[in-house]
Amino acid sequence: MTDKELLKKLKKNKSSGLSAVIDLYSGLLYKIAAGIILPLGTKEDVEECVSDSFLAFYGEIDKIDLEKASIKAYLAVITKRRAIDFYRRLKRASELISDEAAESIPSAAEDFTLTEERKSAVFSALSKLEEPDKTIVIRRFYLGETAAETGRVLGMSEGAVQKRLERSKSKLKAELGGVFYG
């Protein structure tokens, strides 16, 4: 399918046209995003970036000029820019709270009588989380921030923060189960 045919399909029926674009270019966009994000981020971060790129492209359909660039080029540029922004947010988030800083933050958990073994286990489990999940957990449970506040700081939606928090809590529960419950 040529770019003209694809653009015509996009303008006629956006959902089926976008499905065709996703089928054609998702591998390329994943490769572009992964090359930028993966040194610091996760597979889920790359997938989120690619989804955001397709969404941004979807919003720009009426502005596409095939005389200036191909659809592939538009998508590549959008993805590269989004991935760079995503990487910067991840880097900023990881710099906000390093492992050493996380250990020195006073915590609501310290109100409970945690033994040294349990404290050590908690920090060990936290250190196994990848960014920005580690930062999200620390900001929520140690600093008491809401998902919306954390999302603003990290440049993420409130829903994305909540979803990452749910996943992180499951990972921490699995990691700490024996320390606290057995």
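The values are calculated or read from the model by the stated rules, or taken from the named source; none is laboratory data. It should be emphasised that the depicted structure is a prediction, and the values quoted were computed from it without experimental measurement. Using ideal geometry, Cβ is built from the backbone for each residue, glycine included, and neighbour counts are taken over all protein chains shown. These accessible areas exclude ligands, DNA and RNA; they are computed on the full protein's heavy atoms, side chains included. Shrake-Rupley method; radii C 1.70, N 1.55, O 1.52, S 1.80 Å.
Quick notes on this one:
- Residues in region 1-73 average 59 Å² of solvent-accessible surface per residue, probe 1.4 Å, ligands and nucleic acids excluded.
- Förster-model FRET efficiency, 22 Å R0, Y58 and S170, C-beta, rounded to 0.05: 0.10
- In this label model, D85 and S157 are separated by 1.4 nm, measuring between points 7 Å along each Cα→Cβ vector.
- Rounded percent of accessible protein surface that carbon and sulfur make up, region 40-93, 1.4 Å probe: 48 percent
- Residue pairs, from the table K31/K169; K9/K43; K43/K128; K4/K63; K91/K134; K128/K163, whose Cα atoms sit over 20 Å apart: K31/K169; K9/K43
- Shown here for region 1-100: GluC sites (Glu not before Pro) in loop regions (DSSP other than H, G, I, E, B) with at most 12 other Cβ atoms within 10 Å, namely E60, E67.
- Label point of E47 set 7 angstrom out along Cα-Cβ; within region 128-142, amide nitrogens under 17 Å from it belong to 130-133.
- Simple spin-label estimate for A69 and R92 in nanometres, 7 Å along Cα-Cβ: 2.3 nm
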